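So the structure is just underneath, and the comments pick up after that.
The values are calculated or read from the model by the stated rules, or taken from the named source; none is laboratory data. Nothing here was measured: the structure is a model prediction, and the numbers come from that model. FYI the Cβ positions are ideal-geometry reconstructions off the backbone, even for glycines, and counts take in every protein chain you see. Note: accessible area is taken over every heavy atom of the protein model, side chains too, but ligands, DNA and RNA are not part of it. Shrake-Rupley method; radii C 1.70, N 1.55, O 1.52, S 1.80 Å.
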Amino acid sequence: MTELPRGLLEGIPFEHEFATELDGFYVPWQATEVPAPRAVVVNAPLAAELGLDPATLATPEGAAWLSGSRIPDGARPLAQAYAGHQFGNFVPQLGDGRAMLLGELIDSRGRRRDVHLKGSGRTPFSRGGDGKALLGPVLREYLVGEAMHAMGIPTSRALAATTTGERIRRNQPEAEPGAVLTRVAASHLRVGTFQFFAARGEGERVRQLLDYAIERHYPEVGAGVGSDSDGGLERALAFLGAVRDRHAAVVAQWMSVGFIHGVMNTDNMTISGETLDYGPCAFMDGFAPGTVFSSIDRYGRYAYGNQPRIAQWNLARLGETFLAFVGPDEESRWIEGMTTEIEDFTEVFGARWLEAMGRKIGISDPGPSDVPLIDALLQMMEERELDFTSTFRALADVLRGDRRSLQRLLPNPSAADDWLARWSERLTAQGVPVDAIAAEMERTNPLYIPRNHRVEEALDAAWRDSDMGPFRDLLDAVTRPFERRKGLERFEGPAPDDFGPYVTFCGT
Ligand code: AMP
Ligand code: MG
């Protein structure tokens, strides 16, 4: 674009706060050159937020940097160190095995955002892996992350998906196209980043990381909390409580849209509170709290209904890392304080969940007395395996006097009569016209989510046939998820019965 003041590759104002302030927390690294980078999707609105020109990103020169094949001037690529509990087992060294941070950009709202490449080749953290990613999983992360964002859920974002021109043999008998996801996030600090240094007994580094995380993500905690006389306890507790509050809110949002992350290992849990690392994630159709899609989650650790408990468990692992810089005589005081912060997750999550679920059924100020009403609905949904997403839209239709969509879900709709009567009574007490409540429910409950069968269809067409059409159509639907549009009917319903049980894989 001639409008750009400088050529794309020279003009990007990367900053390197992480690299400068946390020297020793990463390994400087170069991405691997790839044969034929091609940007198959570019996120124009996100590019604009970052001050980048989407048309230039789509050029061969743009694709070269989006894939890490050519490092733009001003970028200082590095691989971050982190550890993590994977399915409950601690692994002291994970790290960016197939990813790299290029630097940070300050967006149009003044926010510092990481620009990161996933699938950009081997690094010192690769262990046995090839450092690469496949087009299918890259597009899944793109699609699901953008859908989450459109539903108002904090998440990392996808700036672009770029094929590399390589073919990689992984899960399928045939080789699949290699790809890189250019990912944008508030940061890539993870619970596992703290664990990496705590496990090595590097207490000073854990403290340094804590200071940085507060400065970057929780400046309100830094201001005036605590004094040095308590060894930083009050400040650390305020931080832990603030991270807890964000995760309680984000997991409540996941629950409210039927999202299953699938691999809530501590290395996949951010400090910022954003949803990160979409691997075997998926949305459930029929409501069943035990739902698990991931092929490797054999015991259902990361089932839909376990997600709040797992978030709390992960936060406890974060708190523990602070003990790396606390003297033995102070330990019990810290443990006591941190235990309270972690225990409070239950209450904070409960409040966020009630708000989210209340809003889904049109209650603007839900209180504890509404819990039985919500539970009764969920019980009915579970008993009859009602489609999670469609049920809430059908309820909005009922408010508008149209029971047809409810009838389609429930062969015997009178089974819902008792519940509908209780609900109606509760809504009447709000003193708001029912049409206004229905409209609010339609702004709250998505109509189009990345349905498993549609995701598979879109990914298959993309990697098997180089046909991006189905992906684009689905992306368009899920990034404007609330407003019913003509021609998108096929994205509304659950998978047909012959789709069979759904299984997802980690293999990016
Ligand atoms: P994930 O399952 O994406 O959360 O990744 C867990 C760990 O495995 C991280 O340290 C990744 O960097 C690493 N990893 C996953 N896939 C690969 C790969 N293809 N090559 C190298 N490392 C990988
Ligand atoms: Mg990960």
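Summary table
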{"read-out": "Sole residue being over 20 Å from Arg472 (Cα atoms) and under 23 Å from the mean Cα position of the chain (by Cα), chosen from Phe18, Phe25", "value": "Phe18"}
{"read-out": "Residues that are farther than 22 Å from Val206 by Cβ and surrounded by 22 or more Cβ atoms within 10 Å (Cβ to Cβ), drawn from the stretch 80-97", "value": "none"}
{"read-out": "Subset tally (residues that are modelled with pLDDT under 95 and touching a helix residue (DSSP H, G or I) at 6+ places or on another chain (Cβ under 9 Å)) for the stretch 1-32", "value": "7"}
{"read-out": "Residue satisfying all of: in the stretch 301-335; open to solvent by less than 30 Å² (accessible area, probe 1.4 Å) and not in a helix (DSSP H, G or I); farthest from Arg244 (Cα to Cα) among these", "value": "Gly327"}
{"read-out": "Identity of the residue in the stretch 280-300, of a type outside the set (S, T, N, Q) and either within 16 Å of ligand 2 (Cβ to nearest atom) or outside any loop (DSSP other than H, G, I, E, B) (or both), that ends up farthest from the chain's Cα centre (by Cα)", "value": "Gly286"}
{"read-out": "Contacts under 7 angstrom Cβ, first residue in the stretch 86-100 being closer than 17 Å to Ile296 by Cβ and part of a loop (DSSP other than H, G, I, E, B), partner more than 12 Å from ligand 1 (Cβ to nearest atom) and open to solvent by 20 Å² or more (accessible area, probe 1.4 Å), 6 or more apart", "value": "Phe87/Arg301; Gly88/Arg301"}
{"read-out": "Count of residues meeting criterion [within 13 Å of ligand 2 (Cβ to nearest atom) and either among the charged types (D, E, K, R) or more than 23 Å from the chain's Cα centre (by Cα) (or both)] in the stretch 112-124", "value": "1"}
{"read-out": "Selection count where residues are within 11 Å of ligand 2 (Cβ to nearest atom) and touching a Ser or Thr at 6+ places or on another chain (Cβ under 9 Å), scope the stretch 269-279", "value": "5"}
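Quick grid of which residues meet (1) surrounded by fewer than 17 Cβ atoms within 10 Å (Cβ to Cβ); (2) in the same structural domain as Pro173 (by TED's automatic domain parsing); (3) closer than 19 Å to Ala394 by Cα:
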{"residue": "Leu406", "(1), (2), (3)": "no, no, yes"}
{"residue": "Leu420", "(1), (2), (3)": "no, no, yes"}
{"residue": "Thr428", "(1), (2), (3)": "yes, no, yes"}
{"residue": "Val432", "(1), (2), (3)": "yes, no, no"}
{"residue": "Ala436", "(1), (2), (3)": "yes, no, yes"}
{"residue": "Pro450", "(1), (2), (3)": "no, no, yes"}
{"residue": "Arg472", "(1), (2), (3)": "yes, no, no"}
